[in-house]
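These notes concern the structure reproduced below.
The values are calculated or read from the model by the stated rules, or taken from the named source; none is laboratory data. Here the structure is a predicted model, which is why all the values come from computation and not from measurement. Note that we place each Cβ from the backbone using ideal geometry, even for glycine, and neighbour counts take in every protein chain shown.
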């Protein structure tokens with residue numbers, strides 16, 4: 001809660017874990033439906049395993065890609081939004097990702 005001129009105001013919280021869980025569940029459901037559409041059980045299981053591998057790889061890749069944003073958010077860095085934007089738009093370049101990571105771990109005097 002934040003105090004604004006003596007009144008307590010509830011700030012909305014983002015439950016990123018729940019959102020990630022919903023997205024992951026939807027992806028796995030889509031994978032299962034696509035695998036069941038195959039002609040034979042062997043093809044279906046092979047397709048399911050391949051798609052699960054891709055889904056897990058993409059999820060892990062996204063987590064690694066957004067490590068600077070996660071660190072800034074967890075540390076309650078005062079410049080979280082610029083760090084997230086730098087990570088999002090320039091993180092694909094190694095220099096942008098490293099810059100966002102350094103910015104996220106630097107302590108800023110408040």
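Here's the yes/no breakdown for (1) surrounded by 11 or more Cβ atoms within 10 Å (Cβ to Cβ); (2) within 13 Å of the chain's Cα centre (by Cα):
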position	(1), (2)
49	yes, no
54	yes, no
61	no, yes
67	yes, yes
73	yes, yes
76	no, no
94	no, no
98	yes, no
105	yes, no
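Mind checking whether some residue in region 3-25 is at pLDDT below 90, surrounded by fewer than 10 Cβ atoms within 10 Å (Cβ to Cβ) and within 20 Å of residue 104 (Cα to Cα)?
Within region 3-25 (the criterion being at pLDDT below 90, surrounded by fewer than 10 Cβ atoms within 10 Å (Cβ to Cβ) and within 20 Å of residue 104 (Cα to Cα)), the answer is yes, since at least one residue qualifies.
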